[in-house]
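Everything below concerns the one structure shown next.
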Amino acid sequence: MSVMMSGLMVLAALLILLAVGTPVGFTLGAIAVGALVLTDGFDAVEGVAETFFAGLANFGMVSVPMFILMGAAVASSPAGKDLYEALDRWLYRVPGGMVLSNIGACALFAALSGSSPATCAAIGKMGIPEMTNRGYPNTLAAGSIAAGGTLGILIPPSVTMIVYGIATETSIGRLFLAGMIPGLMLTVMFMAWALFDCWRRGLGLADLTRRYSLRERMQALPRVLPFLLIVALILFVLYGGVATPSEAAGAGALICLALAIVIYRMWRVRPIVDIFRDTIRESVMIMVIIGAAELFSFALSSMFITQSIADWIAGLDVNRWVLLAIINVFLLVAGFFLPPVAIILMTAPVLIPLLSSQGFDPYWFAVILTINMEIGLITPPVGLNLYVINSIAPQITLREVLVGSLPFVMLMILAIVILSIFPQIVTVLPDLVMGPAA
């Protein structure tokens, strides 16, 4: 059987299993085992467990469940509600200030949780009903939260960036720094569009008659600031060389859990059990995908599919920017069907050597790839954030969520173009703090 035919069969099997709702980790593992048996016989099964474990046998993996625990502790507390209320009381006199408050709360909560679905759920539960009650259309209310939630995989600390760093053997600390300015840039772009959209529709003007005293504005800040301080300290110890990512993640998770218990008086056993349950569930899901992706990559390499794809792309007689555009389209389409972790593990080992040979910086590409993954989170058919919004606000249809998200998708595409023209936006902060990359 030719390599092309083998690749088409693998692709067809992948699409069919995903279409019928098979979990991504199980899909990758089943196809990998089937491919190995077809090419090398049943003797190949002996190395399956070892290959699967090899994908997880990295000390850096310890940081993944720790950062997830940190986010779960914050998500299970009223911290998201307090973030939203604090920003709303400062921005209420701005036209459309409630939308800006939600986007800003999403950006701040993203730094605490590192998870897009958790950010959507935590801010959306409070923000969407408030916006619709004050006359904001369903599309804007849902779309702004869905898009704001995607910032969770870009603004550090980001689980997606950790997985990218492990898969490509690049510095996780440098990746965190690389995502900081683009994350803030996207936040400002989202806010600018929301401000313009509300201004042209005349939305949020009724809020101008409200008044909050300075005491009311400061009321929620003491409960929120300790969590934001934890994020700042984690970044400081990472870039100051005080601790490794795993050590910083462990300390951050412990402190966030303690703060959630003390500040919000979560003394009962059930909330704490729920925090660890959510952490274990998400961590196991990610670990299964990572191990299965390692097995899937091994199977593709054994069938020479990976090498053939790399050779085909490298053989394209096109400008390097055309090549980058082709890769972006591929990542965009892949994001429609697969979660970010799976895409990174399946594509990064193939694309990074190719892009590096064309003079593209791997840390810059990490941000480009992540923004593509953000678009995938708010576009069907998978579009995880769309379903999260629909589950917490069932009165808003999926169509309304999607329509409201489309302007923000266009802003993300614009951000990719801007970062491609000015890659220094990504690289300036890592180079300034940690020196030029080797």
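Structure notes:
- Filter pass, Asp43 being assigned to a helix (DSSP H, G or I) and touching a helix residue (DSSP H, G or I) at 6+ places or on another chain (Cβ under 7 Å): no
Conditions tested, residue by residue: (1) of a type in the set (Val, Ile, Thr); (2) modelled with pLDDT of 80 or more; (3) assigned to a helix (DSSP H, G or I); (4) within 19 Å of Ile103 (Cβ to Cβ).
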{"residue": "Ala192", "(1), (2), (3), (4)": "no, yes, yes, yes"}
{"residue": "Cys198", "(1), (2), (3), (4)": "no, yes, yes, yes"}
{"residue": "Leu208", "(1), (2), (3), (4)": "no, no, yes, no"}
{"residue": "Val231", "(1), (2), (3), (4)": "yes, no, yes, yes"}
{"residue": "Leu235", "(1), (2), (3), (4)": "no, no, yes, no"}
{"residue": "Ser283", "(1), (2), (3), (4)": "no, yes, yes, no"}
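- Test: residue in the stretch 249-262 that is within 19 Å of the chain's Cα centre (by Cα) and over 21 Å from Pro78 (Cα atoms): yes
- Contacts under 7 angstrom Cβ, first residue in the stretch 16-36 being under 20 Å from Phe336 (Cα atoms) and modelled with pLDDT under 80, partner surrounded by 18 or more Cβ atoms within 10 Å (Cβ to Cβ) and among the polar types (S, T, N, Q), 6 or more apart: Leu18/Thr27
Each row is one residue, and each column tells you yes or no for (1) closer than 24 Å to Pro353 by Cα; (2) small (Gly, Ala, Ser).
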residue: Ala107; (1), (2): no, yes
residue: Asn138; (1), (2): no, no
residue: Ile153; (1), (2): yes, no
residue: Ser158; (1), (2): yes, yes
residue: Ser171; (1), (2): yes, yes
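- Index of the failed condition, Arg277 passing every other in (1) surrounded by 22 or more Cβ atoms within 10 Å (Cβ to Cβ); (2) free of Cβ contacts under 8 Å to residues at least 60 places away in the same chain; (3) within 30 Å of Val20 (Cα to Cα); (4) not polar (S, T, N, Q): (1)
- Check on Ala35, over 28 Å from the mean Cα position of the chain (by Cα), assigned to a helix (DSSP H, G or I), of a type outside the set (D, E, K, R) and surrounded by 14 or more Cβ atoms within 10 Å (Cβ to Cβ): yes
The values are calculated or read from the model by the stated rules, or taken from the named source; none is laboratory data. These figures come from a predicted structure and were not determined experimentally. Backbone-built Cβ (ideal geometry, glycine too); neighbour counts: all protein chains shown.
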